[in-house]
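What follows is a short report on a single structure.
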Amino acid sequence: MAHEKENPTPPDSLYNYHSTKLTFGLILFEFNDAIKEGDGGRLFKLYKLALLLFKRNGHTKYAYIVLLYLCQV
């Protein structure tokens, strides 16, 4: 049985950039809508989501700030 080397496909940087940009844009729209409606529960859920996204994308300082805010609430 011959071992074939897998050729890992290089990450599509352009796709990843635009996908992340659209994700953050939609979250910002949700933040604005929750603030306009005065929906504190939805804001809290959005902050938890933002915490995970900041951590996943390597923005640890932003994740730390959001974590501190969530702990204070």
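Data table
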{"item": "Crossing angle, helix 13-37 versus the chain [Cα axis fit, 0-90 degrees, rounded to tens]", "result": "10"}
{"item": "Radius of gyration and Dmax over the Cα atoms of the chain, both given in Å", "result": "17.8, 64"}
{"item": "Å² of accessible area per residue within the chain, as computed with a 1.4 Å probe and no ligands counted", "result": "90"}
{"item": "Peptides 54-64, 32-42, 11-21 ordered by average Cβ neighbours within 10 Å, highest first", "result": "54-64, 32-42, 11-21"}
{"item": "Cα centre as origin, Lys/Arg/Asp/Glu Cβ charges: the chain dipole, Debye", "result": "280"}
{"item": "Difference of contour (0.36 nm per residue) and Cα-Cα distance, Leu49 to Phe31", "result": "5.4 nm"}
{"item": "Residue-count net charge about Lys55 - beta-carbon cut-off 14 Å; Lys, Arg +1, Asp, Glu -1", "result": "+3"}
{"item": "Carbon/sulfur fraction of accessible area - the chain, other protein chains in place, 1.4 Å, %", "result": "62"}
{"item": "C-alpha long axis of helix 40-56 to longest principal axis of the chain, angle in °", "result": "30"}
{"item": "Angle between the chain longest axis and helix 60-72 axis [Cα atoms, degrees, rounded to 10]", "result": "40"}
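The values are calculated or read from the model by the stated rules, or taken from the named source; none is laboratory data. Owing to the predicted nature of the structure, the values given are computational and were not obtained by experimental measurement. We place every Cβ from the backbone using ideal geometry, glycine too, and count neighbours over all the protein chains shown. These area figures cover heavy atoms from the full protein model, side chains too; ligands, DNA and RNA do not enter into them. Shrake-Rupley method; radii C 1.70, N 1.55, O 1.52, S 1.80 Å.
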